[in-house]
Amino acid sequence: MPVGIDRRLVHNIDWVLLGATLTLALVGVAMVYSATHTGRSPDLYLKQLALVGLGTLGLVVASAVDYRRLADRAVLLYVLSVVALLYVLRFAPVIAGTRRWIVLGGFQLQPSELVKIAAAVFVAKVFAEYRQETLGLRDVLLPGAAVGFLALLIAREPDLGTAACLVPLFLAVAFLAGLRMRAVVGLAAVLLLTAALAWPLLKDYQRTRIYTFLDPSLDPRGAGYQKIQSQIAVGSGGLLGRGFLEGSQAQLGYLPARHTDFIFSVLAEEAGFVGVVVALALYLLVLWRMLETARLARDRLGAFLVAGIAGSFAFQVVYNVAMVAGLVPVKGLPLPLMSYGGSSILSSLLGIGLVLSVRMRRFAN
Amino acid sequence: MRIYEDLRVVQARLAILQAIAVVLVALLVVQFWSLQVLRARHFRGLAENNRSRVVTLAAPRGTLLDRGGQVLVGNRPSFNILLSPEHAPDLDRVVARLAATLGVGEATIRERLARRQPYRPVVVKTDATLEDVAALDVRRRELPEVTVEVVPLRSYPLASAAAHALGRVGEISERQLQLPEFKGLAQGSLVGQAGIESLYNRELMGKDGFRRVVVNSRGLEVTEASRQPPEDGPNLTLSIDAGLQAAVEKAFEGRAGSAVALDPRTGEILAMASTPAYDPNEFTTGIDPTLWASLATDPRTPLMNRVIQGAYSPGSTFKVIAATAALEEGLITPATTFYCPGYLNVYNATFQCRGGRGHGLMDLRGALAHSCNVYFYQVGIRLEIGRLAKWAKLMGLGAPTGVDLPHEASGLMPSPEWKMRLFKAPWYAGETVSVAIGQGQVNATPLQMARVTAVIAGGGHLVSPHLVKAAAGGSRATPPRPLGIRPETIAAVKEGMCAVVAEGTGWRARLQTVAVCGKTGSAQVVSSSRLEKSPNAFEMQPHGWFLAFAPAENPTIALAVLVEHGRSGGESAAPVARQILAHHFGLDRPAAPGAAGVADAEAED
């Protein structure tokens, strides 16, 4: 695979995107420290820092890759994704009731996180091949089924959150590719119908989560607990926050999954509304620069690739933060760049690396 | 060759996506504004509620002391095992382990958990042993939700002695929680439930302190945020003489009845016993339901304080009142005599005297000494019910004495108005004849009769009987009230009462070195005709009364003794009074070495 690093490429590096990304990742490390320094693994933040370093390396490599060459191997990436997900479903150890991880020499790798990148490349490539101005529902059926198959495999682990990420990924690209507005509405209707039909297929704990989301006081010690405690943490942070390492909800252990899915609660409690606005502004900046990159991309493939990555990134950020704020049901979905977890960090930084790659090559031949 | 693709649609739609992103983030900001700025105070309160727990530091109740400073009711440290279930990850496991460690039933713990108040630890075991505490200490890491607190526990070193006067403590009841006098108390608080403990509850309670502690999500205390130490309840000195009390209890051993001893000069209660009694120590940690049921349903009513709640027919002890009334009304003089043939026919009925053969010619002294009924029938006929009732009420019958104990009975002094009101029937003169010798509708508590005794002993003052000698807020007793009785009257009645012991029905109360005055009485439980049908049935026997004061000159003690179903007062109650008086005058101590032989010989008797 040709990897070109010439001056012109370096000149077009989006330093703002890179800066915002790394700032968020480092804030994440600080929050992981705050969330775990009194617990059983006080050194977790060091591991997270190492992962950010590793991920940054991956980001550099990804940005150096010419996304067009990568897209040439889209089908291969898709097949590899299916194989990895099938392997996980068949052979992965059951951890906390799910099969999500491949254990490789002490490291746990979550293939579904990397499948998101592969899916973005695959969808971008498929839609870039279309040459018509507008697309109908029939045109998106096949790629939709292909992505839906990936989502189904991930949902079987079960990991509904990550599976759901593929939906906005696909929709964003299809939308940009010229899907007719009527079709967009139709697709939304189909998705809603699917959700309604999927209801009886959900596991008990998943249904309980939705019930208690609607009325947390139903079960304050059980499924409603996370939502209640997270809201208390966020609300008690107030305007200016309770101070770093001073949040009682986080420090005394009332907040569940505080270094992973609920890391933003820790930030909201300790840094307050001001900290929340700064963090959300950084996320918005990242998103904005991604979409700018899509706008500036030299070809449809680049624009679609960035849009797919941005779609899944935006969905994760918005859903996770909305969950922390008690707006949507609790679902195991990490916050990109901040939540503790190697696969998530790696996937986010790799994705942003690809976005950088698209921008760097806006003028390249 | 470079092919520029047409990206216009892509770019137009990207602008829409950018707008969606901005709108979504803006919505999130609005929600965070609502949570963190508009409702910050609410959530700060919830966070505070999560992390801080108020632990009550129970104030030790005030100690009750006897007149000599001996502890009658005190406190001892005890261990309570507490469970904080709020954040226990696996409550079932904790409950099972606790039950096994402490030997408490799992069902009991669950029942307590079900009744708990939110964010308050549940008491799993009260008054736990040192072994329990040690066993929990070993399992500290496995059971972080479990804590041990040291609380002062009420202790009654005299056990059942004076139990009714001192009272008992118990967990506050649902009904009490609604009352204004218990305002501000939490469920589970220990409050006085009887006796002095109940009447002086507020004073004795002191002021609970508290610790505000920071706890983590597992309920483990992290630090102490603030502390307010408890204020001990102030001590209360009672007029009770512990030694005399012990003597009274000993004199009653195995018998049902009651006795109360007063200082006739002040109204201070020196001893108060009611038997059968109960051990208030059984109540301090919450009484066992089966024990409570047996106490509450026992036909011998061990929970009742007979001294103030037992209304008995006064029998012949009422003659003290009749004599005083007749003398004061000028209807008789000490020298007035009536002839007693053993009965009196009047108002178309025959009224019997004691024994039956008749006492012959009787003056007041003789009539009191031998308890001649005929003499007092004549006195009653002359007094009539109005004046008799007036004097009885003046001397404290028919109304509570105002003793500093809860739930005192009034007793009853009948009158024509009372009878008309209650039975819509006129008073018959014949009833006055019965009332004059303390039979019929009249009834009185032992404390009321002890007070009557004190009127004669103290020279005509009506005392206000009381148990609390010195309290922070002062004693509630009022000073003795002069009744305006002429000294000659007092002297005449006193002479008669001294003759009761010296030569009459109360000889069994006699002491060698101290002149004792008294009056016997027997209170009919059933009508004479029914008693004749089964003369040996215990529960049909009349109660035995004995009133006494001593020494004859400047008396220092006045008492009333009632032995239930003791037949006659002279037989049953007078010996009890003798034992009490003997202790009061120090005559029951081991004899001096020189007199040892004599004492031994008496013991052989």
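List of remarks:
- Applying both filters, DSSP loop and at most 10 other Cβ atoms within 10 Å, to the chymotrypsin sites (Phe, Trp or Tyr not before Pro) of the stretch A:226-301 eliminates every site.
- The modelled label-to-label distance between B:THR223 and B:SER294, using points 7 Å beyond Cα along the C-beta direction, is 5.3 nm.
- For chain A, the longest principal axis of the C-alpha atoms and the axis of helix A:15-36 are separated by about 30°.
- Using the Cβ of A:LEU135 as centre and a radius below 14 Å, the other residues enclosed give a net charge of +3, where K and R count +1 and D and E count -1.
- Treating r as the C-beta distance of B:GLN11 and A:VAL82 and R0 as 41 Å, the FRET efficiency rounds to 0.75.
- Interchain or long-range residues, amide H under 5 Å from B:LYS125's placed H: B:ILE81
- Averaging over all projection directions, the Cα-based convex hull of the stretch A:276-353 occupies 5.4 nm² in the image plane.
- Simple spin-label estimate for A:ALA281 and B:VAL22 gives 1.6 nm between the two label positions (7 Å along the Cα-to-Cβ direction from each Cα).
- Hits among aspartates and glutamates - C-alpha to C-alpha of A:LYS125 under 13 Å, sequence gap 8 or more where chains match: A:ASP72, A:ASP299
- Contour minus Cα-Cα distance for B:ALA349 and B:PHE585 (0.36 nm per residue): 80.3 nm
- Across the stretch A:170-205, the residues whose backbone nitrogen lies under 18 Å from the label position 7 Å along the beta-carbon direction of A:ARG131 are A:177-178.
- Trypsin sites (Lys or Arg not before Pro) lying in DSSP loop within the stretch B:491-534, provided at most 16 other Cβ fall within 10 Å: B:ARG510
- Ranked by how many other Cβ atoms sit within 10 Å of their own Cβ, fewest first, the residues B:LYS393, B:LYS419 fall in the order B:LYS393, B:LYS419.
- Too-long pairs where the Cα-Cα distance tops 27 Å, listed order kept, from B:LYS319/B:LYS469; B:LYS125/B:LYS250; B:LYS390/B:LYS424: B:LYS319/B:LYS469; B:LYS125/B:LYS250
- Fewest-first ordering of A:TRP15, B:TRP427, B:TRP418 by other beta carbons within 10 Å of each residue's beta carbon gives A:TRP15, B:TRP418, B:TRP427.
- In Hz, Karplus ³J(HN,Hα) per residue of the stretch B:93-106 (6.51, -1.76, 1.60; θ = phi - 60°; x = Gly, Pro): 5, 4, 4, 4, 5, 4, 4, 5, 6, 9, x, 10, x, 4
- Dimensions (Å) - chain B, Cα atoms, principal axes, largest first: 157, 66, 47
- Per-residue ellipticity at 222 nm from helix content only, as computed over chain B with -39500 (n - 2.57) for each DSSP H run of at least four residues, stands at -11000 deg cm²/dmol.
- Cα pair count fraction exceeding 29 Å, expressed as % - the stretch A:7-360: 40
- Using alpha-carbon coordinates, inclination of helix B:373-394 to the longest axis of chain B, degrees: 40
- Helix B:569-584 and the long axis of chain B differ in direction by around 70°, with both axes built from C-alpha atoms.
- If you take the Cα centroid of the stretch A:97-173 and the Cα centroid of the stretch A:324-346, the two points sit 18 Å apart.
- Among beta bridges from DSSP that stay inside the protein assembly as shown, the antiparallel ones total about 95%.
- Kirkwood Rh, Cα atoms: Rg over Rh of the protein assembly as shown: 1.31
- Most mobile listed residue (A:VAL75, A:VAL274, A:VAL103) in chain A, GNM with C-alpha springs under 10 Å: A:VAL103
- Taking Cβ atoms as reference points and 13 Å as the exclusive limit, the residues near B:VAL191 contribute a net charge of 0, counting Lys and Arg as +1 and Asp and Glu as -1.
- With the convex hull drawn around the C-alpha atoms of the stretch B:52-238, the volume per residue stands at 132 Å³.
- In this simple spin-label approximation, B:LYS183 and B:LYS533 carry label points 7 Å from Cα along the Cα→Cβ vector, and these lie 5.7 nm apart.
- Given their separation in residues at 0.36 nm each and the Cα-Cα distance between them, B:SER34 and B:LEU511 gain 162.8 nm when the chain is fully extended.
- Relative to one another, the C-alpha centroids of the stretch B:45-62 and the stretch B:144-190 are positioned 19 Å apart.
- Hits among lysines - C-alpha to C-alpha of A:LYS203 under 21 Å, sequence gap 8 or more where chains match: A:LYS227, A:LYS331
- This ranking places B:THR513, A:THR56 by how few other beta-carbon atoms lie within 10 Å of each, fewest first, which gives B:THR513, A:THR56.
- Counts of other chain beta carbons within 10 angstrom of each beta carbon in peptide A:228-234 average 5.
Throughout, read-outs are computed from the coordinates displayed, never taken from laboratory work. Only a predicted model underlies this, so the values are computations on that prediction, with no experimental measurement involved. As a convention, Cβ positions derive from the backbone with ideal geometry for all residues, glycine included, and neighbour counts pool all protein chains shown.
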